[in-house]
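Taking it in order: structure first as C-alpha cells, then the write-up.
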Ligand code: SF4
C-alpha cells in the first residue's frame, strides 16, 4: 500500500469520526470536474461527447472551493476532461492544498511536463496520470500514437521535480493480463508511488460499446493480474477493493462515497450515471433514492459495474466498519501475496481473441481519429 501515513491517518480519522457521529452515508472523495474538454478523444470515454458550448464551460476556482467546503471530504480527485486545459488549474489546486485536502489531479500528461512549473510539490498533491497499459495498448486506447511516451516522460519529469505521482489504469475486455503485469513493472521502475486500476464502465455515450467487461470477465481478468503479485508493486487502492475486483469478496456499491460536482451541479447519483443534478450537496444526499442504485438494486445500468468510483469507498467503509474489517485489511496489506496456481494458469493460457482484436477499432485508425480530435479542438476554438 503506497499511501503515505499522514494521508492514511487523515482518512482513518475522518471515517471514524463519521461513524462516531452515526452518519450512515458520508462522502470520502469529491470528484471535482471543473471542465469536460480534453486534448484526447478516447473511445471508452463517456465525458467528452458534449456540444461545444458545454466543452468550453469551466468551473471558477471559487465554485470549486465552495463544493469542497460543502461536502467536506478529506480527498479531492480532479478528473475531467483534461484538468491541465483549465487556465486556473494551478490556482484551484493550490486553494485545495491550502485547505489541507489530499488532491489527485488526474491528467493524460500530454501537457504535464510543460505545465509542471505552475505547481508546487506538496504531500497534499499527487498527479494521477492516466496510462492504460504498455505502449501499444495505451496508444490504441487513447487513440493517439506516441501518447504513452509523452505520458511516461511527464511521469518521470514530475517525479524528478519532487511531486507525488500515481497512475490510473482502466481495463477493458481483451486486455492482456501478462501485458498489464509488465506495465506494473514499468510503472514501478519509473518510481510511481501507487497504481490505481479499475474496469471501464459501460458509458452509453462512449464510441466503443463492444469492449466493456461484464462482472465475471472482470473478476477473471483481475484475478489473473493481481494474484501472485510482486512485492514491489504498490497500489493506490484499498486492498479490500482489490480483493473485490479479484472475486475474493462481495461489496455493495457506495454511490455517495465519491460524489461528483461539475458545471451542471451535484450529479445524481454517482460519477457514472446522470439522473439529474442537485444545487447543493445536502440536496443531493436527500433527494436521491439510493436504494434504486447498486448491482443488488436490479438497476440494469448497475448490473456490470465494478468501478472504482462506486466500490473503493465501500472497501474503505468495510475496513473501518469492524475489528474484523480492520484485521482483514491489515492481513491483506502485510501478509497476503495472493498465491493462486489457477491464476498462473490463466496467465499462461491467455490468448488474444484475434490478432487484430484490440480495445477499439474506430474509423480507419489513428489518422482518422486524430483528424476527429483536431476538428473537435478547432470547433472549441471557433465555438461551433
Ligand atoms: S453500481 Fe456503478 S453505476 Fe450503479 S450507482 Fe454504483 S457506481 Fe453508479
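Among residues of the range 191-210 that are at positive phi, those with a beta-carbon under 6 Å from a residue that is at pLDDT 90 or above and surrounded by fewer than 21 Cβ atoms within 10 Å (Cβ to Cβ) at least six positions away or on a different chain give the pairs 191/159.
Candidates are the residues of the range 153-173 that are touching a helix residue (DSSP H, G or I) at 6+ places or on another chain (Cβ under 9 Å) and surrounded by fewer than 20 Cβ atoms within 10 Å (Cβ to Cβ); the one that is nearest to residue 38 (Cα to Cα) is 153. Considering only residues in the range 334-347 that are loosely packed, with under 14 Cβ neighbours inside 10 Å and assigned to a helix (DSSP H, G or I), the one that is nearest to the ligand (Cβ to nearest atom) turns out to be 342. Pairs linking a residue in the range 294-314 that is touching a residue at least 24 places away in the same chain (Cβ under 8 Å) and over 19 Å from residue 173 (Cα atoms) to a residue that is near the ligand (Cβ under 8 Å from one of its atoms) and part of a helix (DSSP H, G or I), with Cβ atoms under 7 Å and 6 or more positions apart or on different chains, are 294/255; 294/302; 295/302; 310/255. Would you mind stating whether residue 287 is at pLDDT below 95 and over 30 Å from residue 176 (Cβ atoms)? Spelling it out, it is not the case that residue 287 is at pLDDT below 95 and over 30 Å from residue 176 (Cβ atoms).
The single condition from (1) assigned to a helix (DSSP H, G or I); (2) within 25 Å of residue 311 (Cβ to Cβ) that residue 22 fails is (1).
In this structure, residue 257 does satisfy being closer than 25 Å to residue 327 by Cα, touching a helix residue (DSSP H, G or I) at 6+ places or on another chain (Cβ under 6 Å) and within 11 Å of the ligand (Cβ to nearest atom). Flag set for residue 273, criterion: more than 30 Å from residue 328 (Cα to Cα), surrounded by 15 or more Cβ atoms within 10 Å (Cβ to Cβ), touching a residue at least 12 places away in the same chain (Cβ under 8 Å) and within 15 Å of the ligand (Cβ to nearest atom). Residue count for the range 58-83 satisfying the condition of being within 20 Å of residue 112 (Cβ to Cβ) and assigned to a loop (DSSP other than H, G, I, E, B): 5. Checking 294, 321 one by one, the residue that is touching a helix residue (DSSP H, G or I) at 6+ places or on another chain (Cβ under 9 Å), away from the ligand (no atom under 16 Å from the Cβ) and farther than 29 Å from residue 178 by Cβ is 321 and no other. Being crowded, with 23+ Cβ neighbours inside 10 Å and over 23 Å from residue 277 (Cα atoms) is a condition met by no residue of the range 52-75. Would you please name the residue that is nearest to residue 24 (Cα to Cα), looking only at residues in the range 278-289 that are within 15 Å of the ligand (Cβ to nearest atom) and surrounded by 16 or more Cβ atoms within 10 Å (Cβ to Cβ)? This residue is 285.
The values are calculated or read from the model by the stated rules, or taken from the named source; none is laboratory data. Computed from a predicted structure; not experimentally measured. Glycine gets a Cβ as well: all are built from the backbone with ideal geometry, and neighbour counts include every protein chain shown.
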